[in-house]
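The structure is given below, and queries will be raised subsequently.
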Amino acid sequence: MMSNPIVLVVGAAGRFAGLLVPELVRRGATVRALVRNDANAAVARRAGAAEVALGDLRDARSLEAAARGVHGVFHIGPAFAPDESELGLRMVDTARRAGARRFVFSSVMHPTNGRLGTHAMKQPVEEALFGSGLQYTILQPTNFYQNIEAAWPAVLAHGVFAEPFAKSANVARIDYRDVAEVAAKALTEDHLAYGTFELCGEEKLTREDIVAIMGEVLGRPIAAAEPSFEEWRTMANPPYDERQLGSLANIFAYYNEHGVRGNSTVLRTLLGRSPRTMRAYVGELARSR
Ligand SMILES: NC(=O)c1ccc[n+]([C@@H]2O[C@H](COP(=O)([O-])OP(=O)(O)OC[C@H]3O[C@@H](n4cnc5c(N)ncnc54)[C@H](OP(=O)(O)O)[C@@H]3O)[C@@H](O)[C@H]2O)c1
């Protein structure tokens with residue numbers, strides 16, 4: 001890859017893709033943030049984006065303008081969007097027609113698991129990349145540590161960490177900053193082209209294990225709760241409509257029944273170090289409040 005590439009970052013003001021922006025800047029890339037409004041343009045600029053493209057994944061013309069002259073594209077699909085596959089396909093096609101060389105797609109672990117409908121929505125995008133002529137890198141991360149941030153105020157206030165599935169379920173997790181680091185390498189170096197990588201942290205933690213870590217960090221006991229999905233949604237108030245909540249409930253029901261297991265060898269190899277740990281993440285949460 002050339003030095004100082006221009007990279008279009010979808011979701012650059014968001015809580016996940018936003019973590020990629022400083023990683024790219026550190027590697028000498030020029031970040032062009034795709035954002036939907038001026039407030040998010042300011043968020044992306046504060047994170048280090050040098051350029052801003054106002055646009056929408058559902059507006060083909062705005063995407064064409066946003067992709068003009070870029071060397072690489074980072075794409076992450078909006079969570080539980082009914083047209084997520086279509087939006088991804090449009091972004092791949094736009095990147096190809098704009099003459100971009102590199103495309104990194106933040107997909108999900110186990111996109112072939114038909115029991116997880118929203119996972120399967122990433123499959124057409126992966127398939128389109130294989131035949132696109134782009135130098136693609138597909139990242140398949142498991143559940144993000146950063147989801148825990150929304151539950152942290154309740155942990156502090158009530159001493160309880162609640163998720164609507166069994167506290168003994170083993171759910172593989174990852175710090176999205178590790179995903180962002182791999183994505184930045186894929187967009188600025190050559191050796192990750194044409195790779196599809198399952199990304200998963202090293203620890204195999206249940207929620208019982210996580211509350212033990214929280215307890216040690218905070219110096220007081222924290223309990224692991226198992227609310228029903230209805231109880232949880234009332235407490236957590238996630239920013240989703242009924243259809244999206246149905247998709248999320250389906251994922252939690254799967255976690256409850258089977259958990260999610262993944263392998264961390266690829267992540268460790270790509271990072272060239274140990275993946276970030278849950279203890280370090282919880283420590284940062286504790287220091288930030
Ligand atoms: N959470 C997990 O544990 C997990 C694990 C594996 C994979 N994933 C996948 O990660 C993805 C991201 O989840 P998220 O949406 O919660 O992340 P997010 O980082 O909040 O990303 C959403 C971003 O995309 C932007 N966006 C949404 N719709 C858009 C549109 N039509 N045009 C342009 N930009 C748009 C949003 O901008 P605005 O601020 O303007 O809305 C926001 O910045 C999902 O595909 C999910 O399946 C999640």
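Rolling a 1.4 Å sphere over the protein heavy atoms, what is the accessible area per residue of the chain, to the nearest Å²?
Working: 12540 Å² over 289 residues.
Per residue, the chain has an accessible area of 43 Å².
Hey, another quick one. Ignoring ligands, DNA and RNA, what percent of the accessible area of the chain is carbon or sulfur (1.4 Å)?
51
If the only charges are +1 at each Lys and Arg Cβ and -1 at each Asp and Glu Cβ, what is the size of the charge dipole of the range 130-289 around the Cα centre, to the nearest 20 debye?
Values: 16 positive and 20 negative charges, 71 e Å.
Computed charge dipole of the range 130-289: roughly 340 debye.
A follow-up question, please. Could you sort SER228, SER62, SER288 by their accessible area in this structure, using a 1.4 Å probe and putting the largest first?
SER288, SER228, SER62
I want to make sure I understand the PRE zone here: with the label point 7 angstrom from the Cα of THR265 toward its beta carbon, which residues in the range 189-228 have backbone N atoms less than 16 Å away?
So the set is 196-203.
Hey, what number do you get for the chain at 222 nm if only DSSP H runs of n ≥ 4 count, each worth -39500 (n - 2.57), divided across all residues, to the nearest 500?
Values: 13 runs with 127 residues, N = 289.
Mean residue ellipticity, 222 nm, calculated: -13000 deg cm²/dmol.
Please give the solvent-accessible surface of ARG276 in Å², to the nearest 10, using a probe radius of 1.4 Å with every protein chain present.
Estimated to the nearest 10 Å², ARG276 gives 70 Å².
Spin-label point model (7 Å from Cα, Cβ direction): what's the ASN113 to LEU54 distance in nm?
That separation, rounded to one decimal, is 4.1 nm.
For the range 189-204, just list the computed ³J(HN,Hα) in residue order, Karplus coefficients 6.51, -1.76 and 1.60, θ = phi - 60°, integers in Hz, with x standing in for Gly and Pro.
Computed from phi, the couplings for the range 189-204 are 10, 9, 7, 9, 5, 6, x, 10, 10, 6, 10, 8, x, 7, 7, 10 Hz.
Mind checking which of LEU20, PHE144, HIS71 is farthest towards the positive end of the chain's charge dipole, using Cβ charges of +1 (Lys, Arg) and -1 (Asp, Glu) about the Cα centre?
HIS71
Round to the nearest 10 and give me the degree value, 0 to 90, for the angle of helix 176-188's Cα axis relative to the longest principal axis of the chain.
20
Next question, about the same structure. Leaving out ligands, DNA and RNA but keeping every protein chain, what accessible area does ILE76 have, in Å² rounded to the nearest 10, with a 1.4 Å probe?
The accessible area comes out at roughly 30 Å².
Would you work out the charge dipole size for the chain about its Cα centre, treating the Cβ of every Lys and Arg as +1 and the Cβ of every Asp and Glu as -1, and quote it to the nearest 20 debye? Intermediate results must be reported in sequence, preceding the final value.
Values: 33 positive and 32 negative charges, 162 e Å.
That gives the chain a dipole magnitude of about 780 debye.
The values are calculated or read from the model by the stated rules, or taken from the named source; none is laboratory data. Quick caveat: nothing in here was measured; it's all calculated off a predicted structure. Counting neighbours? That spans all protein chains shown, and the Cβs are built from the backbone with ideal geometry, glycine included. Ligands, DNA and RNA are excluded from the accessible area calculation, which covers all protein heavy atoms including side chains. Shrake-Rupley method; radii C 1.70, N 1.55, O 1.52, S 1.80 Å.
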